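Please read the structure below before turning to the comments.
The values are calculated or read from the model by the stated rules, or taken from the named source; none is laboratory data. For clarity, every value in this text was computed on a predicted model and none was experimentally measured. No Cβ is skipped: glycine too gets one built from the backbone with ideal geometry, and neighbour counts run over all protein chains shown.
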Amino acid sequence: MAPAVPRPGHVLSGLLERENRELRRANEILKAASAYLGLALDAHGVEMARALYEMKGDDGKRRYTVQQIADRLGVSRATIYRHLDPDKPVSA
């Protein structure tokens, strides 16, 4: 009796499932790192980010973009957005 030969579709499916698992794991690692690094903004940084965000130019538009604020404080835009909510307390 001849050994069973795997079907090409079955092999491809297995490879795709393995790659999907690896990508999900990498994504979880990146999420964890992002969450850890996002905590780098202390209370003073949050206050500064909020003040910069609220500053208006002579034309009445915001003086600084979220990206400019993030670059200045050395954090991601997502971190700035997370701390812009005035209802959230500023914690140290």
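Just a few scattered comments:
- Qualifying residue in the range 12-31 (condition: modelled with pLDDT of 90 or more, exposed (fewer than 10 other Cβ atoms within 10 Å of the Cβ), among the basic types (Lys, Arg) and more than 16 Å from the chain's Cα centre (by Cα)): no
Conditions (1) of a type in the set (Gly, Ala, Ser); (2) modelled with pLDDT under 70; (3) touching a Lys or Arg at 6+ places or on another chain (Cβ under 6 Å), marked per residue:
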{"position": "34", "(1), (2), (3)": "yes, yes, no"}
{"position": "50", "(1), (2), (3)": "no, no, no"}
{"position": "57", "(1), (2), (3)": "yes, no, yes"}
{"position": "62", "(1), (2), (3)": "no, no, no"}
{"position": "74", "(1), (2), (3)": "yes, no, no"}
{"position": "91", "(1), (2), (3)": "yes, yes, no"}
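- Condition check for residue 40: surrounded by 10 or more Cβ atoms within 10 Å (Cβ to Cβ) and at pLDDT 70 or above: no
- Residues of the range 52-78 that turn out to be surrounded by 12 or more Cβ atoms within 10 Å (Cβ to Cβ), assigned to a helix (DSSP H, G or I) and free of Cβ contacts under 8 Å to residues at least 24 places away in the same chain, as a count: 9
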